[in-house]
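Can you keep this structure in mind? I'll have questions shortly.
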Amino acid sequence: ILDFGCRIRQIVVPDRYGFSSNIVLGCDTPQGYFESDNEYFGAVVGRYANRIRNGRYTDSTGTHQLVQNEGRNHIHGGIEGFHNMIWTCTKTTDDTITFEATQPDGAGGFPGTLEMVLTYSFKKYDGKYTLAMELTGKSDKDTLFNPTNHSYFNLNTAQKDVSDHNLTIFADEYTPIDDEVMPTGEILPVDGYMDFRKPKSIIGTIQSAWHGGFTEITSKKGIDHNFIIKNDAEKTVKIAVLESSESGRKMDVYSNAPGVQLYTGNHLTPIHKGICLEPQYFPDSVNATDNPKLAPYPFLKAGDTATFKVMYDFSII
């Protein structure tokens, strides 16, 4: 773990042959993370993971203009986001590490001074390895709190592309996107290409969408979509399973977030070298409060505390 952005630099777990290797993308030098393709490798992102249209939202205190760092829209907290902060390590044990950070009022345009505590733990039990992340935030003003972890996973031993990876996502619905990768406002069933309720090849799905002319995938060179898992932010549930037939590694993902963004590394070099499963609130949901199907919403009231949790459970097929 790096204190720069609280990034996960390596997760080293065994494959079916007992050979241990790293299964996330990372950089060998700090400078590597400033390259555009690597900006979010392993990082904690926020205050708002994903996108907000026009970088603007309204709450009970008024309208707030955020930095517009992806065209006219806001993404991942902007240049002053969590991924570009230096976090302070405050505690370590044999299997945990805790960081703290304070993001000032106005960073990225967000109101409120936000105080955060983040703990990673890594444990082995019954032949499985579990990496857990818990991040709490408390603000002195009403604000937004929608963090995630942006690790790119590649469960292969040689870390070629993820063509041998199968994915399951426990979602019946997803939010389609427009040309700006912004949600259209619709909620659609995960029929056809977007249906990952049973294990399915990631690259095979992209290739099928290409041949079938499903432009929502082909125009982005892959998948970059939010899947609706549940409609609360309390219970921690299994949201996805990623498997590699080459290494035999399996990763079960659990979170208390209501949605998960699947991003298939469409802009990596080489393309599709890793995939992201980013548990989070739904993109731009702060501008869709009239739609109860997009609830809950990531509004954090002054003085309240919110907690984000994600757990990666590694085992062998």
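The values are calculated or read from the model by the stated rules, or taken from the named source; none is laboratory data. A quick note: this is a predicted structure, and the numbers were derived from the prediction, not measured. A quick note on method: Cβ atoms are made from the backbone with ideal geometry, for glycine too, and the neighbour counts reach across all protein chains shown. In case anyone asks, the SASA skips ligands and DNA or RNA and just uses the protein heavy atoms, side chains included. Shrake-Rupley method; radii C 1.70, N 1.55, O 1.52, S 1.80 Å.
What net charge is computed for the residues neighbouring P258, neighbours being all others with C-beta under 15 Å from the C-beta of P258, Lys and Arg scored +1, Asp and Glu -1?
-1
Could you tell me whether region 80-193 comes out rounded, prolate or oblate from its Cα gyration tensor? Rule is a ≥ b ≥ c as square roots of the eigenvalues, rounded for a/c under 1.5, then prolate if a/b exceeds b/c, otherwise oblate.
oblate
With a 1.4 Å probe and all protein chains in place, put H267, H83 in order of accessible area, largest first.
Result, largest first: H267, H83.
Per residue, how large is the accessible surface of the chain? Use a 1.4 angstrom probe and give square angstrom.
Each residue of the chain exposes 41 Å² on average to a 1.4 Å probe.
Report P(r) for region 154-194: all Cα-Cα distances, bin width 5 Å, range 0 to the bin holding the largest distance, values in whole percent.
5, 18, 18, 15, 15, 17, 9, 3
Sorted by accessible area (1.4 Å probe), largest first, how do E234, E100 line up?
Sorted descending by solvent-accessible area, the residues read E234, E100.
So what is log10(I(q)/I(0)) for region 7-82 at q = 0.18 1/Å, when the Debye sum runs over its Cα atoms only?
-0.79
Kindly state, to the nearest 0.05, the FRET efficiency for T102 paired with T289, given R0 = 30 Å and r defined as their beta-carbon distance.
Once rounded, the FRET efficiency stands at 0.60.
Measuring from centroid to centroid over Cα atoms, what is the spacing of region 78-116 and region 178-245 in Å?
Value for the Cα centre distance between the two parts: 30 Å.
Just the number, please: carbon plus sulfur as a percent of the accessible area of the chain, 1.4 Å probe, no ligands or DNA/RNA counted.
50
Can I ask one more? Using a Förster distance of 51 angstrom, determine the FRET efficiency expected from the C-beta separation of L188 and A302, and round it to 0.05.
0.90
Taking R0 as 51 Å, what's the FRET efficiency between D37 and T92 from their Cβ-Cβ distance, rounded to 0.05?
Using R0 = 51 Å, I get an efficiency of 0.95.
How large is the Kirkwood hydrodynamic radius of region 271-317, counting all unique pairs of alpha carbons, in Å?
14.1
On to the next question. Of D179, D284, D195, which is the most mobile in a GNM of the chain whose springs link Cα atoms less than 10 angstrom apart?
Largest GNM mean-square fluctuation: D179.
Does region 237-299 classify as rounded, prolate or oblate by the C-alpha gyration tensor (a ≥ b ≥ c root eigenvalues; a/c under 1.5 gives rounded; else a/b over b/c gives prolate, otherwise oblate)?
It is oblate, given that a/c is not under 1.5 and a/b is not larger than b/c.
Could you please tell me the mean projected area of the C-alpha convex hull for region 1-154, averaged over all directions and given in square nanometres to one decimal?
10.4
Considering the chain, what Rg and Dmax in Å follow from its alpha-carbon atoms?
18.5, 57
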